[in-house]
Every structure is written in structure tokens, then in C-alpha cells.
Amino acid sequence: MSSESGPRIVITGATGNVGTSLVCLLAEDAHVGSILGMARRVPDWSPAKTEWSAVDLASDETDLTREFEGADAVVHLAWAFQPTHDPAATWRTNVLCGIRVFEAVATAKVPTLVHASSVGAYSPGPKDHAVDESWPTHGWPDAAYCREKAYLERALDSFEHEHPGTRVVRMRPAFLFKRESASEQRRIFGGRFLPGPLARPELLPFLPDIPGLRVQVLHTDDAARAYRLAVHGAARGAFNLASEPPVDAEMLGELLGARPVRLPRTAARSAVAAAWGLRLLPASPHLFDAVLRLPLMDCSRALTELRWQPERTAGHVLEEFLHGVQQGAGANTEPLQGHKVG
């Protein structure tokens, strides 16, 4: 499997937010022999040691076993957030394709599988203290994203039982942002009506302070560093990944220069539900419900076993992302295309 120059790494979803950061990092890694980036659309981008494969994970014509043959590790990042109005579609794309990836890893006898799980896999939890990786991963059942992430956790439970020779690592990062992902994430979560207020924070009359709005974020490049460590190391199991401090209305208010004003959860949800129902907002009220219930994560295990810790604070992450939104930032791949905002 490994060449004389180092291991061969296959990455699904290699042109997305995390994929682009991980490809860049591995391309500069002297201990990596080659990288196969898999995506539906091959980019006009040629990092060192990287070849591309145009692959639709949902297509019956795709032979994933052949794609994975000879790989030392498969990093499964591919994920679709939309269409939020058609949860059956995202279930097919995310869950069924994820299971296909796991099965192909087993058939191709790939020794290491690194899977992109999420804080969204966790059951509702505390906002006043952090939980470790033993917290239940049953998700928030009403939100498709959480339901799908939680189901794949169960699929991996079965996979590990049936294939004990495969080293499985589950990454559970907080919300991931970088400058280059700004346009993509605006399209996915905010739609065309989000850019105005974010690009010009002075237009915000106030910032809604909603009960439960206390979450964690992480720079995508910091997440990629953790994935790289997992690929090279011997660690198994789940790892929480997040930067400090937790993000709340007070931090956002300081960043945006807006005054936090307490807003009841029901009023905020009603507004999100109305906008989503009118298809003005891509992010669903079900995801809104989940975000307000997500636990804070303790990342001690990643520090102890992976020797990983984030290089950027939560404030730095959000500031960079906001500047990216203002500038319509993006990257040279189909998912991360930039888009200027007015």
C-alpha cells in the first residue's frame, strides 16, 4: 500500500470547506506519498502529489472499491446540506452514500477510515459546562443534519464490530469556518438575503440574544490539522474539536458592533420558520432548534491523544469569516466559488 515516499490518502468531498484545507496540508506533508481527491466536479487546481477523480458517490456506476484500492487511509468528508425542504434527498446523499463508502473501505481492505462526524451528532446537552466524547450521539431527531450524522455514528458502531482490523477515527468538530468558505456558507445557510446586514454590520439595529445561543466554532485549517494527525497516528475513536471561547450574543455583538437584545426563543424560531417556509432562508427551523440545544464540547482527548490544539481563537475565526463574507471570498473549486455581495 504505502509507497516508498509515504502513504496514499483518498479524500471524498475534497473540493469542499474541509477538503480543500486538508488537501493543501497533505500536499505540503513530506510524509505523504500521494493524494486522490474525489469530487463530483474536478477543479482547475493542481496541488502537489494530488490527482483528481470525478466521482458521484450516489451513482450505481461508481466503483468505490476500485477508487479505494491501494489506499492507506480514506477520509470521508463528502456531505450535502441542501435541499433542506427534501430530507429524503439529503438522507440518500449523506447516509446511504456514507454507508457505501464504509462498505467499500472494508472491501478494499483500507487500514484506516477517518470520518467527518460533527457536534451535530450529539444529543441535547449543557451550555454551562463541556461534555466529552462519551456524551450520547443520538442527535436532535427533528433536524435532518443531526439525524443523518447520528445515524452514521450507529453505522460506524456496526462497522467497527464487523471490521476490527480497520482503524476508525470519528472527528466531531464544532461549526467550521474560514475566509474561503464564506460565499459557500452564505449560500447554504443564509441565501441571498443574508449578505447585506453581514457585509455592513452598522446596518444592524440590534443583535438578537436568544436563550441557548451559545455554540463553538473552529477554523477549518485547524480541523484539517487534526485530520492529518489522525491519518498519520494510531489513535482510534471519537475526537471533539473546537476553539475557545464559546460564541454567544455578547461576543457577536462586540464583533459586529451591535447591541444584544434579548429575544424569546419562540419569536426567533417563528421568524426563521416563516422565512424558511417562504423559501427565503435555506437554513431550516429544525436546525435552529438543534443549534440551541447542542452541548459544549471538551476537547481534552484531542490534546492528549492527537497532540492537537487549535491555533486560532473563536474570535479570530469569526472575524476572518466576516471579512470573507464582506469580500465575497471563495476558492478555485465548484463548492467554494466566491460571490461578490453588495
* Per residue of segment 235-249, in order, report the coupling 6.51 cos²θ - 1.76 cosθ + 1.60 (Karplus, θ = phi - 60°) as ³J(HN,Hα) in whole Hz, putting x for Gly and Pro. => 5, 10, x, 9, 9, 6, 9, 7, 9, 10, x, x, 8, 9, 4
* Compute log10 of I(q)/I(0) for segment 269-337 with the Debye formula, placing one identical point scatterer on every Cα and leaving out solvent, at q = 0.17, 0.28 Å⁻¹, to two decimals. => -1.04, -1.03
* **DSSP bridge orientation in segment 25-169 - percent antiparallel, rounded to nearest 5** => 0
* For segment 242-342, what relative contact order do you get, as a whole percent, if you take Cα pairs closer than 8 Å and at least 6 residues apart? -> 26
* Asked: What number, in percent, do you get for the relative contact order of the chain if the mean sequence gap of Cα pairs under 8 Å and at least 6 apart is divided by its residue count?
  -> 21
* For Leu278 and Glu103, FRET efficiency with R0 = 30 Å and r from the beta-carbon atoms, rounded to 0.05? -> 0.15
* Structure fact -> GNM of the chain, Cα pairs under 10 angstrom: of Ala130, Ala104, Ala71, the biggest fluctuation goes to Ala130
* Quick one: among Ser123, Ser53, Ser270, which has the greatest mean-square fluctuation in a GNM of the chain with alpha-carbon springs under 10 angstrom? => Ser270
* Which one of Ala242, Ala155, Ala302 has the biggest mean-square fluctuation once the chain is modelled by GNM with Cα springs under 10 Å? -> Ala155
* Structure fact -> Arg236 and Asp60 label points (each 7 Å along its Cα→Cβ direction) are spaced in nm at 3.6
* Structure fact -> Counted neighbours (other Cβ, 10 Å), sorted fewest up, put His129, His138 in the order His129, His138
* If you find the alpha carbon centre of segment 22-57 and of segment 269-321, how far apart are they in angstrom? -> 27
* Structure fact -> Put in order of increasing Cβ neighbours within 10 Å, starting from the fewest, Lys109, Lys178, Lys127 give Lys109, Lys127, Lys178
* Using a cut-off of 14 Å between beta-carbons, work out the net charge of the residues near Thr304 (Lys and Arg +1, Asp and Glu -1, Thr304 not included). => -1
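Rule-based calculations on the coordinates, nothing more; no lab input. Quantities reported herein were computed from a predicted structural model and do not represent experimental measurements. Every residue, glycine as well, gets a Cβ built from its backbone with ideal geometry; the counts of neighbours run over all protein chains shown.
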